[in-house]
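To start, the structure under review is shown below, and the notes come after it.
The values are calculated or read from the model by the stated rules, or taken from the named source; none is laboratory data. What you are looking at is a predicted structure, and each value in this text was computed from that prediction instead of being measured. Cβ placement follows ideal geometry from the backbone for every residue including glycine, while neighbour counts extend to all protein chains displayed. Side chains included, ligands, DNA and RNA excluded: accessible areas come from the protein's heavy atoms. Shrake-Rupley method; radii C 1.70, N 1.55, O 1.52, S 1.80 Å.
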Amino acid sequence: MDWHILGAGSLGCLWAARLAAQKNNVQLILRDSAAITRYQQTPGIGLTDAQQHSRYYPIPAQLASDSQPIQCLLLACKAYDAQAAISQVAARLSGNSIVILLQNGLGSQQAIQQMLPEVRCIAASSTEGAYQQQPFHSVFAGAGHTFLGDLQPQLHSPPDQFIAQCSAAQINLSWSADINEYLWRKLAINCAINPMTAVHNCRNGELTQHAEQVNRLCAELQLLLERAGQSAAAQNLTQQVWAVIEKTAANSSSMRQDLLNQRRSEISYITGFACAQSNALECSTPTLHALHAQLQQTLLAAGLPAH
Ligand SMILES: NC(=O)c1ccc[n+]([C@@H]2O[C@H](COP(=O)([O-])OP(=O)(O)OC[C@H]3O[C@@H](n4cnc5c(N)ncnc54)[C@H](OP(=O)(O)O)[C@@H]3O)[C@@H](O)[C@H]2O)c1
């Protein structure tokens, strides 16, 4: 199976390096010819592993406008870039292609499946962590697990060759027959933790000082998940949120990091998506809506987009 990886950011480089290390045929799709020129001045995609060893992989790069058909595409951009990015390569996809969606939150995956009804779209929910030390070089920041599953599970059986290639590349994954359950649960946990740490400018563990607000959020999110037909994802949500807070007490959430580093956040796909669903399902979630509004104000005050 031939791989194309669109987006050479933190996760794109992590996946590209691991797949290339196993001699898979991998191509990068970079934003423009200036990015290709910058990439050509590097030794290739860099990956620093958990033992602090760095290796470089001279993976070829191309533009979205290349004519080569795409068999397996890993979409490794942020949720707010996902639709624009996929539309640039849509003509290269066919009914035999697979698209893996790594985006956090919810909303972008469904929009892409609607744009490409004939294409097999597989969504990922991952707790792996990586960050970029410098352009085209990722540092593996935390072992985790990735759940993958079809957005249209009724149409497909598990893609054995794809799963085998990922496993051989040391990607710790499980196939799920109901990926929506994982995506919704992660969305709810993200909604209860990430925006709170951004508006209160604190590490995850310091949310114990806002326990009442966290508990109210959890109760509202549990109601929302149940109304959305995600009862399994709603089970024990409050306990799960506190377990994540305890386990990641020293961490600074991705949303807080985006704010501190003046980077656009994925708010529209986290609390934005949850608020829109809550409105559509006529669910009462005042704490969630107030938090979303407070987060928007915090982002605007920092000169960042509030969507
Ligand atoms: N990093 C993690 O540890 C982690 C963990 C779990 C989930 N996630 C999720 O995974 C997704 C990707 O995260 P990330 O941290 O890897 O993001 P990232 O470091 O910002 O990388 C995204 C890359 O996509 C590129 N890109 C965007 N649009 C493009 C286009 N049209 N053509 C070519 N390249 C394009 C960006 O290029 P430019 O720089 O030119 O914009 C950037 O290099 C996010 O939804 C994130 O929430 C990340």
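Taking amide H atoms as placed 1.01 Å from N in the peptide plane, the amide H of L28 lies under 5 Å from those of I5, A61, Q62, each 5 or more residues away in sequence or on another chain.
Mean separation of Cα pairs under 8 Å and 6+ residues apart, divided by the residue count of region 166-304: what relative contact order is that in percent? Don't jump to the answer; show the numbers that get you there.
On the way: 142 pairs, mean separation 44.0, N = 139.
Over region 166-304, the number comes to 32 percent.
Charges were assigned to the Cβ only: +1 to each Lys and Arg, -1 to each Asp and Glu. The resulting dipole of the chain about its Cα centre is roughly 560 debye. The Cα atoms of the chain give a gyration tensor whose axes a ≥ b ≥ c have a/c of 1.5 or more with a/b greater than b/c, which makes the shape prolate.
When a 1.4 Å probe is rolled over the protein heavy atoms, the share of accessible surface on region 1-44 that falls to carbon and sulfur comes to 45 percent.
Listed values for region 180-193 are Karplus-derived 3J(HN,Hα) couplings in whole Hz (6.51 cos²θ - 1.76 cosθ + 1.60, θ = phi - 60°), namely 4, 4, 5, 5, 5, 5, 5, 4, 5, 5, 4, 4, 7, 10, and x replaces Gly and Pro. Once the Cβ-Cβ distance of S252 and A290 is raised to the sixth power relative to R0 = 25 Å, the FRET efficiency obtained is 0.65.
Under the classification rounded if a/c is under 1.5, otherwise prolate if a/b is larger than b/c and oblate if not, where does region 181-301 fall, given a ≥ b ≥ c as square roots of the Cα gyration tensor eigenvalues? Since a/c reaches 1.5 but b/c is at least a/b, the shape of region 181-301 is classed as oblate. Judged by the gyration tensor of its Cα atoms, with axes a ≥ b ≥ c, region 3-177 is oblate; a/c meets the 1.5 cut and b/c is at least as large as a/b.
About its Cα centre, the dipole of region 181-301 is roughly 280 debye, where the only charges are +1 on Lys and Arg Cβ and -1 on Asp and Glu Cβ.
Fully extending the segment from E212 to A141 would add 22.4 nm, taking 0.36 nm per residue of separation and subtracting the current Cα-Cα distance. For region 165-179 versus region 226-288, the spacing of their alpha-carbon centroids is 24 Å. Residues whose amide H lies under 5 Å from that of L173, counting only those 5 or more places away or on a different chain, are T146; hydrogens are built 1.01 Å from N in the peptide plane.
Taking Cα centre as origin and charging only the Cβ of basic (Lys, Arg, +1) and acidic (Asp, Glu, -1) residues, the dipole magnitude of region 208-270 rounds to 160 debye. For the chain, the solvent-accessible area works out to 45 Å² per residue, with a probe of 1.4 Å and every protein chain left in place. The distance separating the Cα centre of region 24-38 from that of region 49-63 comes to 13 Å.
Selection among L221, S94, G46 by position relative to the dipole of the chain gives G46 as farthest towards the positive end (Cβ unit charges, Cα centre). Projected onto the charge dipole of region 181-301 (+1 at Lys/Arg Cβ, -1 at Asp/Glu Cβ, origin at the Cα centre), which of C202, S278, A233 gives the Cα projection farthest towards the positive end? Of C202, S278, A233, it is C202. Backbone phi angles across region 97-107, fed through the Karplus curve with coefficients 6.51, -1.76 and 1.60 (θ = phi - 60°), yield HN-Hα couplings of 7, 10, 10, 9, 10, 8, 5, 7, x, 9, x Hz in residue order; Gly and Pro are listed as x.
Each Cα pair under 8 Å and six or more residues apart adds its sequence gap; the mean of these over the residue count of the chain is a relative contact order of 15 percent.
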